[in-house]
Amino acid sequence: MSKNSAPRKIALVAMLAMAVLVVPTVTSLPGGMGGADIQRAGCTCHGTLPSSSVEASISGLPDSYNVSETYNVTVSFSGGPSTDGNMNLGGFNLWASDGTFATLDDSAQLWEQNTNEVAHTESGNDQRTWFLQWTAPESGVNVDFILHVNSVNGNQGNGGSGGDMWNRADVTVLGFGDPPLPEVDPFKVLATLVVISGVMLSIVVMYIFYRKNPDSFDWENFAPWISEWLTSTDHKKIGTLYFVQGLFFLGVGGIMALMIRMQLAVPGNDFISQDYYNQFFTLHGTTMIFLAAMPLIAGFANWIVPLQIGAPDLAFPRLNAMSFWLQPVAALLIFTGVFSGQGADTGWTGYAPYVVTETTHSGVSMWAAGQLMLVASSTLTGINFLTTMAVMRAPGMGWFQMPLFTWSILVANLMLFLSIPAFGVGLIQVYLDRTIGTAFYDVAAGGDPLLWSHLFWYFGHPEVYVVIVPAFGVISEVIATSARRSIFGYKSMVYAMAGIGLVSFIVYGHHMFTSGMSPTLRFVTMLTTMLVAVPTGIKIFNWLKTMHGGSLVYRTHTLWTLGFLVTFTLGGISGMFFPSMALDVHLHETYFVVAHFHYVLVGGTVFGFFAAIYYWYPKMTGRMLDERLGVLHFLTAFISYNALFWPMHRLGVVGMIRRTHTYYITTDDFNALPEWAADWNMLISISAFLFFASNLIMVYNMIKTLVRGEKAPADPWGGWSFEWMTTSPPPTPSFDPHNLPELKDANEHVANEPGVFGQMFRRLMVEDDTTEGGSH
Amino acid sequence: MAGITPLFDAIWDDYMFWSLVVGAISFGWLYHHSYFYRSEEGESPNIDKIEVGVFPKEYDNLKLEVTWTVIPFILIVWLTYISWAPLDAVWSQTGPDGYHGSECENGESSNNYIDPSGYVRSDCYHDIGIEGQQWFWEFDCYDLVDELCSIDYAAVEGELKPHLMLKAGETYLATMTSIDVTHAVKNPDFGMMEDIVPGQVTYLWMPAVGETSFLMLCAEYCGDNHAYMIAQITVE
Amino acid sequence: MSADYHDHDHPSPWGPHDWGHGAPHNSWSPLVMSIGIGIFLMTFGGLFTFSEFDMWYLPLVIVGIAVIGAGLFVWWRQDMSFDGTYEPMSAGVPFKNIQIRKVGMWVFLMSEMMIFSSLFSTYMRYRQGIPRCDTVFNRGLFDPVTNPDGWQDGVAVTCFEPASHLIASSWWHIAPGAINTFALIISSFTIVQALRWAHKPVGSVDEEVRRKRVYRYLGATTILASLFLTLKMIEWFIGFHVPAIDLIGLHEHEIHSLYSEGYLINNDHYQHHDYVDEATGAHMVANIQVSATLFYVTTGTHGLHVLVGIIGLAYLTFKAWTGAYNPQSAVSIEYFGLYWHFVDLVWVLVFPFFYLY
C-alpha cells in the first residue's frame, strides 16, 4: 500500500459503508400492496389512515401447525367505504415470517416473487375475499402473519382516493415438533469474520515460520517450533503471545463496534435486531477492556519490564505462562455464547439483578466464567510483577531509579491486584446464582442489587486507571527520549501516579450518583472524583515542560505521543463534568459518557500503546518500522478518530442515551432528539469505518517490516534504560544472571539502603540466614 | 449550550469557561513547544547527556511543580464549590427546609418558579407514582384531579406508549419502584434521572415549570427492548 | 526470533531454558491446566442451570477436573526434577537476600485477603440490612410494607436466619465446629514443628530422625486438615447420634445435619421449631435463601482453601517421606506454612461470625 493509494482505498470502504446504510424505501404499485417495511411502518395503502371500522380476518390457519403441511387460507374483510356494485372493492397484503404461499386463482399473486408475501392482483381487487394456500415451514418455529386489507370506495384509481380505509390484523401460529431454530445471522457474520481473522493469523504465523528458513518448511521442523511457543516460559515469547492476542481481539472488538455503528447510522434501523445489538455492545466492552487492552499492556509489561530493570526474566516464569494461557481459554468461554446465538447481553457492567434473571441469555453464565478466569490471570500477573519489581532490580537501581514505564506497571498492578478480588467474588456470586441457585442477588429473598454495583465499581474504577496508567508510563518514556531530555520532575511523576492509584479506590461512587446514595456520600465522592484532576494535571504539565528547551525529533511515536496529549487532555476535561451533580444527573448514561471514556481509553490507552508499538517494535523484533506508513497511519487515524468521537459529546448533551439499538428523532407527534442528530450519527458511523481501516495500515506495516524490514540497532532512539543496552532482539536470558548490569547514576545519590517501610517489610519477611544466597 | 434547565445551563457555562481556559493553556503550550523546540533535519543533540545504563541527570523545579499542583487544586475546589449548592436542589428534601415544601393540600397549587440562581422553588408538591417493568412504564396519579395529572396512551412511531399529562407550574415528586430489574427514569427536559432499583423505593423531582413535551426514556440497560421502554410526557 | 540459549552445564530433560537453576523450564502444564479450568467452568454451567440439574454433563465435569489434575501433575513432576536446594534470592533493596518465592507468597496472601474481605463485606451488608428471623417472629416486628398485619398463613417472610441459630443452640450442635477450630489451631502448630525439625542445622540432628519427625509432623497436619473437612461434611449433610450416658445425665438423641434441618440455599419456606404462631399454632415460615447462601458460600470458600491445603500437604508429606527436606530446602515448608496460617486465621474470623453470632 503506497501513500497515494491508501486514501483511495479508505474512500472505497466509506462508500461501501454508505451503500449498506441506505434506507429501504416503501414501494406502492398498482394492482397490489406491499413494500419492504410494510410490517414495521404500516400500510401506505392509498395514503390514507388506518381505521378500526375495517375488520380484517384470516381463517383456515391452525393454532399450531404440522411441519410442511399445506393449509387452505381465506382472507377477507368487512366494513369501510367498500360497497357492493363498485368495480374496485379492496385489496390485501399478507406476510408470513416463514413458510411459503401459493395462489389458487388469478385474484392473488406472490408479492415480488417473495414466497412469504402475497397480495391481490389487478383482477383480484373486485372482491372482498381471497383464497390461498400456505405451506408450513420444515422447522417448528412460531410463524407470525401480518395482514393488511384495504377497503376501497369505488373506481377512483389508486392514488389519493381520500375515502379509502385500511386496517391490519396479526396472527401467530405456533410451531411444534422440532425446537425452533435459533436466528444467528448477524452472528454468522461475526463468527465468519472471527474465523477468517483466525485463519489469516495462522497464515501469517506460517509465513513467518517459512521466512525464517524457507528450506526447512515441513512438519518435522514446524512441530518443535510451534510447541516451543505453546510451552515457553520466556518473558519475551509470552509477551509476544499477549501482544498477538491483544491485537487480534482489538480487531474483533473493532468489528463489533462497526456492527454497532452500522445499526446506529440511521434512526429506526433494522440492520441487526435489539437482541444482537445488546450482545454486541456487551462483548465489545468486555473484549476491548479484558481481551484487548489488558493483554496489550501485559504484553509490553512482559517484554519491557524485565529488560528495564535488568532482570534475566520474571520472578515466576511458569506462573507467567499460566497467566497468559488462561486468557485465550477465557476468551473462548466468553465467546461461546456468540457462536450459538446466546451471547451475554448484560452490558460489560452486568448490573444485578438483570444479570441473574432468566430473561438473559444462557451465554451470561459462560461470560461470567470466562471473566473469572481473567481475574485469576490478572491476579497471577499481579503477584508476578509486584514480586519481580520488588526483588529483581539490577544492582544500583533503587525504587527511585526505576524507569517510569516500570513504575507505571508497578502502580497499575498494585491497583489491579488489590481491586480485582472484589470483582472475582462478585463474579463467583453471579456464577453460583446462575448455576446452583444461590440467592446473592435474588431480590425476592432479600438480595441487594446495589451490592453488585459496589463490588463491580470498587474494581471497575481502578480498572480504568489500570488501563490508562501504563500509557502514562509509555508517554513519559517516549516524550523524554524524543525531546532528547530527561523527564521533567521524575519524582513528582512517580508521586502523581501513586496518587492516582490511591485516589482510584475512593472515587468509584460517581458511577452510582443516580442510584439513591446518601447526599453525604455523594458530596464525598464528588470531591474525591474532582481530586483525580490534580495528579493527572501534574503529569500533563510535566510532559509539556519536558519538551521545553528540548529538540523534538519527529518520529511516528512522537506524533502519537503528541496526539495522546491532545486527546487525553480533552478526555480529562470532559471528565470534569461528571463529578458535578447537577450536570451528571443529565449527562449520566448518555453519549457524553461514551465520548468521554472513548477519549480517555482510545485517545489515551490505545494512542499510548500505538506510541509504544512504534517505540519498542525495533527492540522486540530487530526490525525498524516503516516511518512513511507510520505517519500515514497517524494522520488518518487521528482525524477519523476525532470525527468519530467528538460529535458524541453534543449528542449526549441533547439527550441521546447509550446502550439502545435505536433512537427517536423529533416528529410532529413528539419531541426527542433534534433532526441533525441523525446526520451526525451517520457521520460517526462513517468515521468509525475510516478509523478501523486506518489501523489496518499499522498491521500491514508490522507484518511487512517483520519480513523485510531494515535491521534495527541496539539503541535506535537514544534512550537511557537497560533495554537499549542489549541487542535487538535481546538474547535469552535477557541478561546473564551471573553478570547482571549495574545502573550508574548521573546524580549524586546516597547509597541504597532500605527506608522505613523497607525495614518494616524486611522484618516481616524474616531473613533466612541458614541459606546461602545466589546460585551455586 | 442552552435549553436543558437554567441550573444545568448555568453550571455548564461555568464549566465550559474553565475548560476553555485549561484547554487554551495546555494546547497553546503544546503547540508552541512542539513547533518551537522541534529539531532540524538530521540534527539530534544530546541535551541532557543521556547515556545507556546511566540514570539521567534529574531535571526538575520544585516551585513549578508546586505551582501546577496548587493551581489545579484551587480550581477544583472552586468547581466543587459551585457544584455543591445544587446538591440540595437536585435531591431536595421534603418539608419546609426543602425547595418544594410539603405535599399540596387538596386544591393547592405549587406555583413553582425559577429563582435567579436557576433553582426551581415551589410552595408544595404533588405525589405521583412510576413503576418500571421490562419493558414499559406505568404511571399512577394517585388521587390527583385530571387537570393536574392524567394518563392515556399516545402513538410513538406506530406503537402505543404511556402518555402522562402534567400541568405547567406544578411540581411533582415521583415515587418509583421496579418489579423486575433495575431501570432508570430519564426526563431530558427536566435535566434529571434516577435509577429504580428493585426492592427499593427511589424518588425523583419533576418540576414542570413551562409547557413542554418530550419522551421519557429508560436510561439503565434492562434487556432486549430497552430502547422501546419509553413514555411521552406532556406539560400543558 | 531470538537466539536459543542452552546452558550445557545444567542439562534438563524438561526443556532448553534451564539456564542456572530456578530458571524457566518449558512446560505444557499452563496450557493444559487452562484448558482444564475452561472445560470445568463450562460444563459446570451445563450441569446446573438455574438450579436445574442435568446429569449428562457430569462426565464432562470430571474430565475437566482430570485435565486440571494432569496439568498440576506435570507442574509438580517438573519441580521434583530439581534437587530442591537452589532457591532464587532477591537482588536489590529492600529484600536483599530474602527468597523470591517468600516475597511472592506474601503478595499472594494480600489478594487472598481481598477475596475474604469481599465475602465478609457481602455478609455484613446482608446481616445489617435484613432483620433477624427470631426478632421478626418472636417479637412480632414485621416489616410494615410487606407484612402489615403480621404473619399470614403460607406467606414466607424474608428475614435473616443465622446458621448460629441452629449451630449454637446446643453443645452437641456446635461440637463439630469447635473441634474443627482446635484442629486447625493445632495443625498450625504441627506445621511449625515440621519446619523446626527440617531447619535444624546439619550435624546437630540425625538425618533419619529428621526425616521421620518432618514427615510425621506433616502427616499429622494432613490428618488434622482432613478431620476438619470430615467434620464439616457431618455438620452439613450427615448429622450424628448421641448415645445415652446416664452417668452424666445424657439422654439419647439425634443431632440433625443442617441439610436435614432444611437450612438450604433454595429454601424459601423454612420452618424452625421456635417459630410458631401463638394464635393458630401454625408454623411460621421464612425465606432464608440469602442467609443460607452466605453461610455455605463463605464457609465453603474457606473449605476449598483447606482442600487445596490438603492436596499441598499430601505432596509435602510424600516429599518429606523421601527425605527431601534439609535446612536448605526447608523453606518450602515455610511457604506452605504461611498459606496454612492464613487459612487458619480466616477460620478464626469465620467461626465467630457464622457459628457463634
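The values are calculated or read from the model by the stated rules, or taken from the named source; none is laboratory data. Small disclaimer: the values here were computed from a predicted structure and weren't measured. Cβ sites come from the backbone with ideal geometry, for glycine too, and all protein chains shown count toward neighbours.
Numbers at a glance
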read-out	value
Some residue of the stretch A:618-640 being of a type outside the set (A, V, I, L, M), buried (at least 21 other Cβ atoms within 10 Å of the Cβ) and under 30 Å from B:GLU157 (Cβ atoms)	no
Options A:ASP275, A:ASP270; residue that is assigned to a loop (DSSP other than H, G, I, E, B) and assigned by TED's automatic domain parsing to the domain that holds A:LEU651	A:ASP270
Qualifying residue in the stretch C:50-57 (condition: more than 8 Å from every other protein chain (Cβ to nearest Cβ), assigned to a helix (DSSP H, G or I), at pLDDT below 90 and touching a helix residue (DSSP H, G or I) at 6+ places or on another chain (Cβ under 7 Å))	yes
Residue within the stretch C:159-166 that is at pLDDT 85 or above and exposed (fewer than 15 other Cβ atoms within 10 Å of the Cβ) present	no
Every pair of residues 6+ apart whose Cβ atoms lie under 8 Å, when the first sits in the stretch A:519-541 and is more than 7 Å from every other protein chain (Cβ to nearest Cβ) and closer than 16 Å to A:PHE577 by Cβ while the second is hydroxyl-bearing (Ser, Thr, Tyr) and surrounded by 21 or more Cβ atoms within 10 Å (Cβ to Cβ)	A:THR525/A:TYR508; A:VAL532/A:SER504
Candidates A:ALA611, A:ALA582 - the one that is surrounded by 23 or more Cβ atoms within 10 Å (Cβ to Cβ), more than 14 Å from every other protein chain (Cβ to nearest Cβ) and at negative phi	A:ALA611
Extreme residue, farthest from the other protein chains (Cβ to nearest Cβ), among residues of the stretch C:247-304 that are among the charged types (D, E, K, R) and not in a strand (DSSP E or B)	C:GLU252
Selection within the stretch A:726-735 - closer than 9 Å to A:GLY310 by Cβ and modelled with pLDDT of 90 or more	none
Unmet requirement for C:THR322, which otherwise passes all of (1) out of contact with any Pro (no Cβ under 8 Å at 6 or more places or on another chain); (2) in contact (Cβ under 8 Å) with a residue 12 or more places away in the chain; (3) surrounded by fewer than 20 Cβ atoms within 10 Å (Cβ to Cβ)	(2)
Where A:ILE436 falls short, out of the listed (1) of a type outside the set (Ser, Thr, Tyr); (2) in a helix (DSSP H, G or I); (3) within 13 Å of chain C (Cβ to nearest Cβ)	(2)
Cross-chain or 6+ apart pairs with Cβ under 6 Å, the stretch A:365-376 first and more than 8 Å from chain C (Cβ to nearest Cβ), then outside any helix (DSSP H, G or I) and buried (at least 24 other Cβ atoms within 10 Å of the Cβ)	A:TRP367/A:ALA344
Index of the failed condition, A:MET288 passing every other in (1) within 20 Å of A:LEU414 (Cβ to Cβ); (2) in contact (Cβ under 8 Å) with a residue 60 or more places away in the chain	(1)
Sole residue being within 11 Å of chain A (Cβ to nearest Cβ), among the small types (Gly, Ala, Ser) and farther than 30 Å from C:MET284 by Cβ, chosen from C:GLY64, C:GLY129, C:GLY69, C:GLY38	C:GLY38
Cβ pairs under 6 Å, 6+ apart, first in the stretch C:342-353 and in the same structural domain as C:PHE295 (by TED's automatic domain parsing), second small (Gly, Ala, Ser)	C:VAL343/C:GLY309; C:ASP344/C:SER188
Output for the stretch A:319-343, where each listed residue is away from chain C (no Cβ under 12 Å) and among the aliphatic types (A, V, I, L, M)	A:VAL338
Residue in the stretch A:716-728 that is touching a residue at least 24 places away in the same chain (Cβ under 8 Å), within 11 Å of chain C (Cβ to nearest Cβ) and buried (at least 19 other Cβ atoms within 10 Å of the Cβ) present	yes
Among (1) in contact (Cβ under 8 Å) with a residue 40 or more places away in the chain; (2) within 8 Å of chain A (Cβ to nearest Cβ) - the single one B:TYR113 does not satisfy	(2)
Condition check for C:VAL145: in a loop (DSSP other than H, G, I, E, B), over 30 Å from C:THR298 (Cα atoms) and facing chain A (nearest Cβ under 8 Å)	no
Hits in the stretch A:493-509 (condition: within 12 Å of another protein chain (Cβ to nearest Cβ) and either modelled with pLDDT under 90 or part of a loop (DSSP other than H, G, I, E, B) (or both))	A:PHE505
Near pairs, Cβ below 8 angstrom, 6+ apart or cross-chain, from the stretch A:59-77 (outside any loop (DSSP other than H, G, I, E, B)) to any residue that is basic (Lys, Arg) and crowded, with 16+ Cβ neighbours inside 10 Å	A:SER76/A:ARG128; A:PHE77/A:ARG128
Helices (runs of 4 or more DSSP H) completely within the stretch A:559-626 that count 3 or more residues being closer than 22 Å to A:ILE540 by Cβ and in the same structural domain as A:MET547 (by TED's automatic domain parsing)	A:591-600, A:607-621
Search result, residues across the stretch A:649-686 that are crowded, with 22+ Cβ neighbours inside 10 Å and among the polar types (S, T, N, Q)	A:THR660, A:ASN681, A:SER685
Some residue of the stretch A:351-363 being small (Gly, Ala, Ser), within 25 Å of the chain's Cα centre (by Cα) and either surrounded by fewer than 24 Cβ atoms within 10 Å (Cβ to Cβ) or under 17 Å from A:GLY460 (Cβ atoms) (or both)	yes
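Table: residues versus (1) out of contact with any helix residue (DSSP H, G or I) (no Cβ under 7 Å at 6 or more places or on another chain); (2) in a helix (DSSP H, G or I); (3) in contact (Cβ under 8 Å) with a residue 24 or more places away in the chain.
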| position | (1), (2), (3) |
| --- | --- |
| A:MET200 | yes, yes, no |
| A:PHE222 | no, yes, no |
| A:TYR242 | no, yes, yes |
| A:ILE255 | no, yes, yes |
| A:GLN263 | no, yes, yes |
